[in-house]
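Chemist: Handing you this structure, nothing more for now.
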Amino acid sequence: HTCLDDLGRTIQQKRVSYVVEADIKSFFDRVNHEWMVKFLQHRIGDPRIIRLIRRMLKGGIMEDGLVKATEAGTPQGSILSPLLSNIYLHYALDLWFSHKVQKQYRGEAYYFRFADDFLACFQYRGDAEVFLQKLSERLNGFGLKLAAEKTRCIEFGRFARESAHKRGEKPEEFTFLGFTHYCGKTRKGYFKVKRRTSRKKMGQSLQKLADWAQKARNVLTKGEMLRQAKVRIAGHLNYYAITDNSEQCNKYVFYANRIIFKWINRKSQRKAYTWAGFSHALAWVGWPKPRVRKDLSPFRRAEAC
């Protein structure tokens, strides 16, 4: 949640009026091996380790029972893949933004990245548009490509909300790290960045739970099925149950309960739960509540200090 927290505070407290939302097309399949090795050689002096990593990068993938060599991308399923990808983007994007972009542009500029998910915030539209053009050129130089349909520059921030209101429109929204970010207000009327679970992530999470429940009903007892479902639902809430997202978390638990009720009752028609009995069983296993687990309100924290 640290990245989300920093992003929210930056938009609320700095001169931010435009957000560039970008997506790298098939990033993990496009990592250039030669550039990857050059980046690693900056910090790793032992040639034996470099040779080992190079061999791992060239290890190939299994397709139809045959191993095919790979000329680009990080190893599928490897525990090193996220680390190597993070190193790649550190040199390809992070250093470029901090050493060049922020120093060359007219207004304030900020950049946020988690794994291959990133975005940038700007004070002026001109800076944002130039960055978007330069970003494409920068990524192309490292064998990467922007997904055009998922890349855009939008007006976002406290001034953007006022501007959209004057035009009789709603301010634009953007999605980052599984949350849809939108312009809102505090109880005192101040501008505030609010978040809700993105529609895509909500659908994926519920579908994943349904797929699991359909299989689990054939191999688990009712009690064990409830205990494992509890862990899965708690995992979703531990990430998504943040400030201003209570409505979406309540909706998730509502549909999750119905998914589990549906599939657990298909274990046995004679011993099927009623809703009253199911509610009692949920209480017995300590079913997670959709309460706020992470406070991302900078105003509330500032008042408490």
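The values are calculated or read from the model by the stated rules, or taken from the named source; none is laboratory data. Bear in mind the structure is a predicted one, so any value in this text is a computation, not a measurement. All Cβ positions, glycine included, derive from the backbone under ideal geometry; neighbour counts span all protein chains shown.
Chemist: Scanning region 136-159 for residues that are touching a Ser or Thr at 6+ places or on another chain (Cβ under 6 Å) and not in a loop (DSSP other than H, G, I, E, B), which turns out farthest from Tyr239 (Cα to Cα)?
Modeler: So, considering only residues that are touching a Ser or Thr at 6+ places or on another chain (Cβ under 6 Å) and not in a loop (DSSP other than H, G, I, E, B), the one farthest from Tyr239 (Cα to Cα) is Phe159.
Chemist: Return the residues of region 252-284 that are assigned to a helix (DSSP H, G or I) and within 17 Å of Lys215 (Cα to Cα); say none if nothing qualifies.
Modeler: Once the filter is applied, which keeps residues that are assigned to a helix (DSSP H, G or I) and within 17 Å of Lys215 (Cα to Cα), region 252-284 yields Ala256, Asn257, Arg258, Ile259, Ile260, Phe261, Lys262, Trp263, Ile264.
Chemist: What are the residues in region 105-130 that are farther than 16 Å from Tyr18 by Cβ and either among the basic types (Lys, Arg) or touching an Asp or Glu at 6+ places or on another chain (Cβ under 9 Å) (or both), if any?
Modeler: Within region 105-130, Arg113, Asp116, Asp117 meet the criteria.
Chemist: Given the residues Tyr182, Tyr190, which is the only one that is in contact with an Asp or Glu (Cβ under 7 Å, 6 or more places away or on another chain) and either within 13 Å of Ile11 (Cβ to Cβ) or touching a residue at least 12 places away in the same chain (Cβ under 8 Å) (or both)?
Modeler: Tyr182
Chemist: Can you run down the residue pairs with Cβ atoms below 8 Å, 6 or more apart or on separate chains, where the first is in region 284-298 and among the hydrophobic types (A, V, I, L, M, F, W, C) and the partner is surrounded by fewer than 15 Cβ atoms within 10 Å (Cβ to Cβ)?
Modeler: Between residues of region 284-298 that are among the hydrophobic types (A, V, I, L, M, F, W, C) and residues that are surrounded by fewer than 15 Cβ atoms within 10 Å (Cβ to Cβ), the close pairs are Val285/Gly223; Val285/Arg227; Val292/Ser246; Leu296/His1.
Chemist: With respect to the numbered conditions (1) part of a strand (DSSP E or B); (2) farther than 23 Å from Gln13 by Cα, which one is the sole condition not fulfilled by Met202?
Modeler: All conditions are met except number (1).
Chemist: So if I check each of Ala229, Ala213, Ala164, which one is in a helix (DSSP H, G or I), of a type in the set (Gly, Ala, Ser) and under 17 Å from Pro290 (Cα atoms)?
Modeler: The unique qualifying residue is Ala229.
Chemist: Any idea which of (1) at pLDDT below 95; (2) under 24 Å from Ala281 (Cβ atoms); (3) crowded, with 20+ Cβ neighbours inside 10 Å is the one Ala229 doesn't satisfy?
Modeler: In the conditions (1) at pLDDT below 95; (2) under 24 Å from Ala281 (Cβ atoms); (3) crowded, with 20+ Cβ neighbours inside 10 Å, Ala229 misses (1) alone.
Chemist: I would also like to ask the following. Taking only pairs six or more apart or across chains, which ones have beta-carbon atoms under 8 Å, a first residue in region 146-166 that is under 17 Å from Gly126 (Cα atoms), and a second residue that is in a helix (DSSP H, G or I) and of a type outside the set (Gly, Ala, Ser)?
Modeler: Listed pairs, sorted by first residue: Thr151/Leu132; Cys153/Arg125; Cys153/Glu129; Cys153/Leu132; Glu155/Arg125; Phe156/Ile11; Gly157/Ile11.
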